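Novice: I'd like to ask some things about the structure below.
The values are calculated or read from the model by the stated rules, or taken from the named source; none is laboratory data. In this text, all values refer to a predicted model and were calculated from it rather than measured experimentally. Here Cβ is always computed from backbone atoms with ideal geometry, including for glycine, and neighbour counts include all displayed protein chains.
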C-alpha cells in the first residue's frame, strides 16, 4: 500500500453536508457515509481533525432578517456547530474511531475546551479531533476556523469538502455554462479573482501560513481517500507560488 500524500489533515465539512438533499437538520444515512469514508482515511494512518459548520441548523442571514445583532446571530451559529460536532462524534465512534470534541466556547459537560497542545496530542494518539464553536468570536466564519486550526496544529493541508461541486470555477457552473474549472490556483489568485472558495480572511490566513487547500466534491464516494492518497481531483489552491 502506498503512503498517503498527507500525514495530518483538516477536513472542513459544511453543516449542509450533514443534511443531504433535505437542506436542514441531520440526515442519518448521509452522516454515516461521511464517517465511513473518514474511517477509511484514518485506517491509512492519517491524523484527522475536522471543522464543521452549522448552516444546516442556523444561518446568520435568518438573524439578519429578524433584525438580530450580528454578534448574537454568530454565537447562535457557533452553538449549531457544537450540535453537529456531537452528532459526528457519536457516528464516528459507532464506526470504531476514537474521537474528541474541542470547543472554542467553554461547555465542560459535553466537550473539552480547545487547547492546542492537547489537540495535537490527541491526533498523535490516533484520535479524530472535531473542532466546534468556530473561533469563539463573532464575525469569523468556520472557513477561518479551518485556516486557523490548520496553522495551529501544523496540518499538511485543508480538505474543503463541497456539496455537488467538483472544484473551483470562474463562475457558478450551475448558472453559467461557460464557467471554467481551475485545476490549480494560489490563495492570492482566489482573493484577486474574488472566487467563492473561502472568505477573504481564511484565504489570507492560509496564504500567510503557506497552507495548501484542496477543494473537491464530497458527494462522490471515496473522494476523501483519493485526495489524501494524492490523486489529482478537484482544485488545489497552493499557499504560495
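Novice: Can you give me the number of residues within region 35-63 that are surrounded by 12 or more Cβ atoms within 10 Å (Cβ to Cβ), modelled with pLDDT under 90 and in a helix (DSSP H, G or I)?
Specialist: 3
Novice: Does region 137-156 hold any residues that are in a loop (DSSP other than H, G, I, E, B) and either crowded, with 18+ Cβ neighbours inside 10 Å or touching a strand residue (DSSP E or B) at 6+ places or on another chain (Cβ under 8 Å) (or both), and which are they?
Specialist: Hits for region 137-156 are 140, 141, 153, 154, 155, 156.
Novice: Quick one: in region 157-189, which of the residues that are buried (at least 19 other Cβ atoms within 10 Å of the Cβ) and touching a residue at least 60 places away in the same chain (Cβ under 8 Å) is farthest from residue 41 (Cα to Cα)?
Specialist: 168
Novice: Is it the case that residue 192 is touching a residue at least 60 places away in the same chain (Cβ under 8 Å) and part of a helix (DSSP H, G or I)?
Specialist: no
Novice: Just give me the residues in region 35-53 being in contact (Cβ under 8 Å) with a residue 24 or more places away in the chain and more than 14 Å from the chain's Cα centre (by Cα), in sequence order.
Specialist: Once the filter is applied, which keeps residues that are in contact (Cβ under 8 Å) with a residue 24 or more places away in the chain and more than 14 Å from the chain's Cα centre (by Cα), region 35-53 yields 36, 37, 39, 40, 41, 42, 44, 45, 46, 47.
Novice: A further question on this structure: Of the residues 12, 7, only one is over 16 Å from residue 91 (Cβ atoms), surrounded by fewer than 21 Cβ atoms within 10 Å (Cβ to Cβ) and in contact with a strand residue (DSSP E or B) (Cβ under 7 Å, 6 or more places away or on another chain); which?
Specialist: Step by step, each of 12, 7 is checked, and only 7 is over 16 Å from residue 91 (Cβ atoms), surrounded by fewer than 21 Cβ atoms within 10 Å (Cβ to Cβ) and in contact with a strand residue (DSSP E or B) (Cβ under 7 Å, 6 or more places away or on another chain).
Novice: Closer than 29 Å to residue 102 by Cα, touching a helix residue (DSSP H, G or I) at 6+ places or on another chain (Cβ under 8 Å) and modelled with pLDDT of 90 or more: which single residue out of 152, 229 fits that description?
Specialist: 152
Novice: Are there any pairs, at least 6 apart or on different chains, whose C-beta atoms fall under 6 Å, with the first in region 64-76 and at negative phi and surrounded by 13 or more Cβ atoms within 10 Å (Cβ to Cβ) and the second modelled with pLDDT of 90 or more and not in a helix (DSSP H, G or I), and if so, which?
Specialist: 74/138; 76/58
Novice: Right, here's the next one. Restrict the check to region 210-223 and report whether at least one residue is part of a helix (DSSP H, G or I), within 17 Å of the chain's Cα centre (by Cα), farther than 14 Å from residue 163 by Cα and modelled with pLDDT of 90 or more.
Specialist: Within region 210-223 (the criterion being part of a helix (DSSP H, G or I), within 17 Å of the chain's Cα centre (by Cα), farther than 14 Å from residue 163 by Cα and modelled with pLDDT of 90 or more), the answer is no, since none of the residues qualifies.
Novice: Can we say residue 32 is assigned to a helix (DSSP H, G or I), out of contact with any strand residue (DSSP E or B) (no Cβ under 6 Å at 6 or more places or on another chain) and more than 23 Å from residue 139 (Cβ to Cβ)?
Specialist: Answer is yes for this residue.
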